[in-house]
Amino acid sequence: MKEPEASRELFGHPRGLTYLFTTEMWERFSYYGMRALLVLYMVKYLFDPARVQQVIGFATVKGALEWLFGPLEVQPLSSLIYGSYTGFVYIAPLAGGYLADRVLGQRRMVLIGASLMAVGHFLMAFEPLFLFALLFLILGNGAFKPNISTQVGALYAPGDPRRDHAFSIFYVGINIGAFLAPLICGTLGERVGWHYGFAAAGIGMTIGLCTYLFATRHLPPDPRSVVLARGEVKPFGRDEWRAIVSLVVLALPVTLFWATYDQQGNTLVLWAEDYTDRNVGSLFVIPTTWFQAVNPFMIFAFTPLVLAFWRRQAARGKEPSTLLKMAYGCFGNAAANLVMAAAALSLDGGKASWLWLMAYFIVITVAELYLSPISLSLVTKIAPARALSMMMGAWMLTYTGGFLGGYLGSLWSGMAKGPFFLMIAAIAALAGLFILAFVRPLKGALGEK
């Protein structure tokens with residue numbers, strides 16, 4: 001009998017993982033390519049008084065934000081729009097997951113989402129349509145993001161130990177795209193023209209869409225189809241509700257993690273632009289957007305080391321539980337911002353060495369590896385199968401920390417930089433303490449020993 005396409009393996013994992021890895025890589029290339037330029041584009045170009053009035057809907061959006069926060073200069077306004085965009089990007093997956101579970105299935109939603117995002121990136125080339133472009137990107141991400149991740153989990157049977165490693169591999173794909181994006185889109189945007197950078201992001205998303213279309217025969221059936229075939233439409237049981245409540249409890253501190261982490265695309269860009277000596281000797285000046293490639297590069301460089309470290313701990317029976325890893329990730333985030341507080345103290349009227357930013361990225365990268373990929377794997381392990389995409393979308397609400405991150409970023413202009421980074425570190429540490437408080441109460445619901 002011929003082996004089903006979806007079950008064939010490549011390098012010890014189902015072949016479908018390679019295609020999902022590649023699709024997500026290009027999607028993240030498009031997202032981070034656009035994100036690398038967004039704040040600089042608004043501050044340095046689009047929101048110039050002579051140009052901004054042509055942006056359809058700008059007065060309405062500015063008026064709404066000023067009603068909430070008071071009069072806004074260009075930088076705080078840009079940070080709040082950036083934070084609102086990143087926040088809505090991760091609210092939309094809740095609706096995308098619901099539609100996948102109840103109506104359209106995961107595959108169709110991924111195709112719809114990829115198409116909407118490709119259109120959105122190309123719309124960024126037209127200045128009057130700036131806000132419409134952001135809307136297309138928000139809706140597209142909502143359809144795409146929860147449903148590509150659930151398909152990774154669906155490649156593996158319950159209890160398959162390869163699942164956690166698969167999500168770490170998948171996370172490498174995310175960060176290869178995020179690494180290449182600032183180098184390509186950022187360089188084109190800064191050196192050639194803003195719209196060339198946005199167009200490159202659109203091309204990347206189109207490649208991702210084509211890859212997914214080619215991969216269809218290698219992917220598992222939609223979880224929705226499997227659940228309907230088994231007739232599993234029934235109320236949630238006690239264990240399922242325990243798992244759902246556990247994820248809801250963990251969502252709050254993880255939201256604080258992302259609010260502080262997401263300063264990379266907001267205030268850290270402004271730090272690199274205005275407060276960092278970017279000269280490498282007398283030969284080269286590092287472009288501001290290139291710093292956003294450092295974290296994703298370190299993700300795929302450090303992932304094998306972190307996995308090897310965890311395997312060594314597991315062999316000795318000392319590997320931390322999922323919740324402890326997540327707490328350590330929050331504390332690592334706090335430590336990274338303490339590095340930046342030290343960098344701010346070193347200014348003394350001048351600019352800080354770019355090596356401070358490199359130290360920050362080393363620490364924040366390890367912190368991210370302790371929290372992000374294993375939390376995605378956790379959702380696919382314990383969420384009820386018939387609501388898996390919706391629960392993944394609900395988990396992605398944690399990324400709406402971008403709203404808080406945008407508000408925190410709006411304080412940048414009015415605060416000394418040392419206290420600003422100390423404030424960010426304190427919020428991240430608070431998140432870690434919150435998770436630590438729930439290690440024992442939640443370990444049974446999460447299947448932790």
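Bear in mind that the values in this text are calculations on the coordinates, not laboratory data. Every value quoted in this text rests on a predicted model; they were computed, and no experiment measured them. Cβ sites come from the backbone with ideal geometry, for glycine too, and all protein chains shown count toward neighbours.
Per residue, the convex hull spanned by the Cα atoms of region 125-173 amounts to 80 cubic angstrom. Inverting the pair-averaged 1/r between distinct Cα atoms of region 276-386 gives 16.1 Å as its Kirkwood hydrodynamic radius.
Averaging 1/r over each pair of different alpha-carbon atoms in the chain and inverting the result gives 22.4 Å, the Kirkwood hydrodynamic radius.
Here Ala251 and Lys351 are evaluated by their C-beta separation; at R0 = 45 Å the FRET efficiency comes out at 0.70. Computed from label points 7 Å out along Cα-Cβ, the spacing between Ile286 and Ala314 is 3.4 nm.
On the beta carbon distance between Tyr45 and Met415, with R0 = 25 Å, the FRET formula returns roughly 0.50.
Here region 141-167 and region 84-133 have alpha carbon centers that stand 20 Å from each other.
The chymotrypsin sites (Phe, Trp or Tyr not before Pro) of region 26-105 include none that meets both conditions, a loop assignment by DSSP and at most 12 other Cβ atoms within 10 Å of the site Cβ. Candidates Thr322, Ala425, Phe302 compared by Cα position along the dipole of the chain: farthest toward the positive end lies Thr322, with charges placed on Cβ. Pair-distance distribution of region 363-413: all C-alpha pairs, bin width 10 Å, starting at 0; shares per bin in whole percent are 22, 36, 31, 10, 1. Since only Gly197, Pro221, Ile184 are under comparison, the one whose Cα sits farthest along the positive direction of the charge dipole of the chain, derived from C-beta charges on Lys, Arg, Asp and Glu, is Pro221. Neighbour counts of other Cβ atoms within 10 Å put Arg28, Arg312 in the fewest-to-most order Arg312, Arg28.
Between Ala437 and Arg102, the simple spin-label model (points 7 angstrom out along Cα→Cβ) gives 3.3 nm.
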